[in-house]
Structures are given as C-alpha cells and as structure tokens.
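In what follows, a structure is listed as structure tokens, so that the remarks can point back to it.
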Amino acid sequence: MDDKTLEQNLAEVFVEGWDISSTGNGFLVATDWRWPNSDRIEVYVRNVGERADLFVVTDGGDLFNYLFSQGVDLTKDEQGMRIIRNVVENYGAKFVDFQIARGAGEGDLPRAIRMLLEAIKDASLVLWHKLEKASPLH
C-alpha cells in the first residue's frame, strides 16, 4: 500500500456511516460521532441568504441543549461560557446564541464541518467535569 491509497482509504472510513441530507437551504450532516448518551452528533449547514457559495455551519445548539439536559445551565455559568468560547475559538468558530457556529465557503466547507466537530468534542470534554458536579454519583 502506498501513501495515496492509505489517504483515500482513511478519507472513506472517516465518513463511513455518515448521512448527509439536503434541507432545501443547506444540509444536515448526521455523523457517526456520538454524544455520551449515544445520540449521533449532527452538524447543520445553512446557506447565507440567497448565496449558494457561502455557508454557516453550526451544532444547532445541541451542545448547549445536551449540557442543559444533564443539569448544566450555561446561562448561569460565566466560567463555563468563557471555557466554551475559548475552546471553540481555537477552531475558528464562535459561540453565538448558544450555538457553535463557523462560516465557510464552498472550497472550505468540508474542513469547516470537521473543525466544528472537533470544537464540539473538545468543548464537551473540557466541560465534562461540570456534568459530574451536576449529577454526582451516589
């Protein structure tokens, strides 16, 4: 096997099991990455206005909602909000209206989706300690 064959095989494996659906104004990307409750992590891609070449890539507020469902209310947690903002900014994204969001053009849309997934995972791992505090083991 050469490096190009390995690269192609890796690319195929990394998106194997993903479902991409057209939404009329973009796409829903259901990945095989999982939340701790085993739900699939989904990424939402929307066109910017009528532009077919500009996109907003978001988690749709899923990280915020997942944490809230586990007893972590980021609206009342300045430190948690600061942490999540810092983490997602490392991936070129912003935490806006309780969503992780990143802009993209046609040429960098696949990378933007990947970076958003990385931001979701990193933010959830960094905030994991808050889940332990919200629901301590007995």
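The values are calculated or read from the model by the stated rules, or taken from the named source; none is laboratory data. Bear in mind that the values here come from a model prediction, so they are computed numbers and not experimental data. Using ideal geometry, Cβ is built from the backbone for each residue, glycine included, and neighbour counts are taken over all protein chains shown.
For this structure, a couple of remarks:
- Pick from region 85-110, criterion among the acidic types (Asp, Glu) and without any contact (Cβ under 8 Å) to a residue 24 or more places away in the chain, ranking: surrounded by the fewest Cβ atoms within 10 Å (Cβ to Cβ): GLU89
- Filter pass, ASN9 being part of a helix (DSSP H, G or I) and modelled with pLDDT of 90 or more: yes
- Any hit, region 58-75, residues being among the polar types (S, T, N, Q), within 14 Å of the chain's Cα centre (by Cα) and crowded, with 16+ Cβ neighbours inside 10 Å: yes
- Selection status of PHE68, without any contact (Cβ under 8 Å) to a residue 60 or more places away in the chain, among the hydrophobic types (A, V, I, L, M, F, W, C) and assigned to a helix (DSSP H, G or I): yes
- Positions within region 33-57 being over 20 Å from PHE95 (Cα atoms) and surrounded by 13 or more Cβ atoms within 10 Å (Cβ to Cβ), in sequence order: TRP33, ARG40
- Conditions (1) surrounded by fewer than 16 Cβ atoms within 10 Å (Cβ to Cβ); (2) at pLDDT 95 or above; (3) over 15 Å from ASP122 (Cβ atoms): number failed by MET81: (2)
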